[in-house]
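The values are calculated or read from the model by the stated rules, or taken from the named source; none is laboratory data. Since we're looking at a predicted model, the values are computed, not measured. Glycine also receives a Cβ, built like all others from the backbone with ideal geometry; neighbour counts cover every protein chain displayed. Ligands, DNA and RNA are excluded from the accessible area calculation, which covers all protein heavy atoms including side chains. Shrake-Rupley method; radii C 1.70, N 1.55, O 1.52, S 1.80 Å.
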Amino acid sequence: MKYMLLMQFSESTVDFPRIDTWTPDEIQAHIAFMHDANKQMVDSGEFVDGQGLAMPEAARIVRAGAGGGAAVVTEGPFPETKEFLAGYWIVDCETPERAVELAAFVSTAPGPGGGPLNMPIEVRQVMSAPAEDV
């Protein structure tokens, strides 16, 4: 089964600052950990995809235009956003327990001062298509 591991950032659930305030060495250590984690998942055959996402200030919200009109594009979420998706992995695991184990591992990525972030990672099963008779 496939699972999505969602790396959430929320000022209300973490006790570390946003990555854009870290030193270059702290960012390098964090990225090196993520590359190593991805390689371990590739080597185990569980890695499907994984990406870090740009800061929310770079996001755009797109809605289809009413009545077939032009799409409406707005900037956002706005800079004062307190919660956002920082990155994700899609993994293909034998059990939900293994997906939780992988999430716990990536949660230990180093942050400011080199200590583990223990950041919250949401684990959600990726739905498969319904049976053909549905």
Legend entry - Rough spin-label spacing in nm, given labels placed 7 Å along Cα→Cβ, for Glu57 and Glu83: 2.3 nm
Legend entry - Counting all C-alpha pairs of segment 30-75, share separated by more than 13 Å (%): 69 percent
Inset, instruction - Note down the Stokes-Einstein diffusion coefficient of the chain in µm²/s, whole number, using a Kirkwood radius over alpha carbon pairs, 10 °C, and 1.306 mPa s. - result: 95 µm²/s
Inset, instruction - Any chance you could look up the accessible area of Ile27 with a 1.4 Å probe, heavy atoms only, rounded to 10 Å²? - result: 50 Å²
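Hey, any idea what % of the chain's accessible area is carbon plus sulfur with a 1.4 Å probe?
57 percent
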Inset, instruction - Between the alpha-carbon centers of segment 73-132 and segment 51-71, tell me the distance in whole angstrom. - result: 21 Å
Inset, instruction - Please state the charge dipole magnitude for the chain, taken about the Cα centre, from unit charges on C-beta atoms (+1 on K and R, -1 on D and E), reported in debye and rounded to the nearest 20. - result: 320 debye
Legend entry - segment 92-102 - phi-based ³J(HN,Hα) in whole Hz, Karplus 6.51/-1.76/1.60, Gly and Pro as x: 10, 10, 6, 9, x, 5, 5, 4, 5, 4, 5
Legend entry - Simple label model, 7 Å out from Cα along Cβ direction - Met1 to Thr13, nm: 2.0 nm
Legend entry - Length gained when the stretch Met127-Val42 is fully extended (0.36 nm per residue, less Cα-Cα span): 28.4 nm
Inset, instruction - Give the dimensionless ratio obtained when the Cα radius of gyration of segment 1-60 is divided by 2.2 N^0.38 Å. - result: 1.31
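Quick check for me: using +1 on Lys/Arg Cβ and -1 on Asp/Glu Cβ, what's the dipole size of segment 57-134 about its Cα centre, in debye to the nearest 20?
Working: 5 positive and 11 negative charges, 67 e Å.
With Lys and Arg at +1 and Asp and Glu at -1, about 320 debye.
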Inset, instruction - With a probe of 1.4 Å, find how much accessible area the chain has per residue, and write the answer as a whole number in Å². - result: 64 Å²
Legend entry - Under-5 Å amide H pairs with Ser44, H placed in peptide plane, nonlocal only: none
Inset, instruction - Leaving ligands, DNA and RNA out of it, work out the accessible area of Glu122 with a 1.4 Å probe and give it in Å² to the nearest 10. - result: 70 Å²
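Add -39500 (n - 2.57) for each DSSP H run of 4 or more in the chain, then divide by its residues: what number comes out at 222 nm, to the nearest 500 deg cm²/dmol? Walk me through the numbers before you get to the answer.
On the way: 2 runs with 32 residues, N = 134.
Rounded to the nearest 500, the figure is -8000 deg cm²/dmol.
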Inset, instruction - Quick one: grab the alpha carbon gyration tensor of segment 79-119, order the square roots of its eigenvalues as a ≥ b ≥ c, and give me rounded if a/c is under 1.5, else prolate or oblate depending on whether a/b is larger than b/c. - result: oblate
Legend entry - DSSP-assigned coil residues among GluC sites (Glu not before Pro) in segment 18-108, each with at most 15 further Cβ atoms within 10 Å: Glu80, Glu94
